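First up is the structure itself, then whatever we jot down about it.
The values are calculated or read from the model by the stated rules, or taken from the named source; none is laboratory data. The shown structure was predicted, so the numbers you read here are calculated from the model rather than taken from an experiment. Here the Cβ positions follow ideal geometry from the backbone for every residue, glycine too, while neighbour counts run over all protein chains shown.
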Amino acid sequence: MIKISKYTIIFIIYLSLIINHSKSSENKILFKVNNEIITSLDILNEVQYLQIINKEFKNIKKEDAFQISKNSLIREKIKEIEIKKIIKDIKIKDQVLNNLILNYFKDLKITSIPEFEKFFLNKNINPNMIRKKITLEMLWNQLIYTKYKKNVKINKQLIINDLKKNDKQSEFLISEILFDINENENLNDKSNVINNSIEKNDFSQTALIYSISNTANKGGKLGWVKESILSKKIFNELKKLKIGEHTNPILVPGGFLILKLIDLRQVKKDFDLDKEIKKIVDEKTNQQLNRFSNIYFNKVKKDTIINEL
């Protein structure tokens, strides 16, 4: 566990002052992840970036904002180190990257790369920093796919049978918190801490603080999820919930999952069967790969040296 130094405590105290002013203040190295460094300016940039992509982040306490940003950057550095073992050049094709950027920031009404550039420059954030973030995530996903694609198990016939069985199905609007426990932690204690945070703050803010899923930076939001892509175990847990409630921790590959039911609707199965089958197979594949991603990341993290300077 990383201990918080005196400098870090001071940094947290005046974080709110610095973030609203020029970033010309002294830039200090705060952490080393193997040989990769994280500076005070990196933290400030991350805080601002997270505030942009998640409105809830502005309500986070300053000390929590620091910890979330620090953990986000450490996670990013660990992925970068692992990717560089395989490829030296952290780069993807411009057209692919541009499409990913526009898709990722569509909620911000960004519809072109010049708009993307202008938006982040106006926020005093270098667009190339964002490009690198998205590139790293893309390359990490490619690494996971290459490594685990043979381990993905999808029963296509069960999907077909389910689609043909009923003319309607449920769709759940849900958010998630995925967490793990360290050797010195107890599941009940960790669950109580998370539940207390949900009650005191809310689910979204708690996801920001405790979730290890890629959805954490967006408050755990998964959007509308069809019944047909859920495992029986998770579907049965969601069926028990009323709107606004959340599940107890569910054991899944890579950790423990808490799901909050935000809304529920019934939809008619009026679609092209082949297209729907492909869509469900793709979504189930992504779910499994995300679990493998968390497992592999935790494995890599154990072999990573993280030091506060």
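Points to keep in mind about this one:
- Residue within region 62-75 that is touching a strand residue (DSSP E or B) at 6+ places or on another chain (Cβ under 6 Å), assigned to a helix (DSSP H, G or I) and crowded, with 19+ Cβ neighbours inside 10 Å present: yes
- Considering Ile258, Ile234, the condition of being over 18 Å from Ile144 (Cα atoms) and either assigned to a helix (DSSP H, G or I) or free of Cβ contacts under 8 Å to residues at least 12 places away in the same chain (or both) is satisfied by Ile234 alone.
- Within region 179-194, residues that are closer than 20 Å to Ser213 by Cβ reach partners that are surrounded by 11 or more Cβ atoms within 10 Å (Cβ to Cβ) and small (Gly, Ala, Ser) with beta carbons closer than 9 Å, at six or more positions or on different chains, in the pairs Phe179/Ser191; Phe179/Ser211; Phe179/Ser213; Phe179/Gly255; Asp180/Gly254; Asp180/Gly255; Ile181/Gly255.
- Members of region 42-61 that are of a type in the set (A, V, I, L, M), out of contact with any strand residue (DSSP E or B) (no Cβ under 7 Å at 6 or more places or on another chain) and part of a helix (DSSP H, G or I): Leu44, Val47, Leu50, Ile52, Ile53
- Those helices (runs of 4 or more DSSP H) of region 98-173 in which at least 3 residues are modelled with pLDDT of 95 or more, considering only elements entirely within it, cover 113-122, 127-148.
- Single residue of Val267, Val225, Val252, Val281 found to be hydrophobic (A, V, I, L, M, F, W, C) and not assigned by TED's automatic domain parsing to the domain that holds Asp180: Val281
- Of all residues making up region 13-40, the number that are of a type in the set (A, V, I, L, M, F, W, C), surrounded by 16 or more Cβ atoms within 10 Å (Cβ to Cβ) and modelled with pLDDT of 90 or more: 4
- Within region 168-201, considering residues that are of a type in the set (D, E, K, R) and either in contact with a Gly (Cβ under 9 Å, 6 or more places away or on another chain) or not assigned by TED's automatic domain parsing to the domain that holds Leu259 (or both), the one nearest to Asn236 (Cα to Cα): Glu176
- Odd one out for Phe116 among (1) under 19 Å from the mean Cα position of the chain (by Cα); (2) farther than 30 Å from Glu308 by Cα: (1)
- Scan of region 241-260 for residues that are more than 18 Å from the chain's Cα centre (by Cα) and over 20 Å from Asn188 (Cβ atoms), ordered by number: Leu241, Lys242, Ile243, Gly244
- If the condition is being in contact with a helix residue (DSSP H, G or I) (Cβ under 6 Å, 6 or more places away or on another chain), within 13 Å of Ile144 (Cα to Cα) and not hydrophobic (A, V, I, L, M, F, W, C), then region 275-302 contributes only Ser293.
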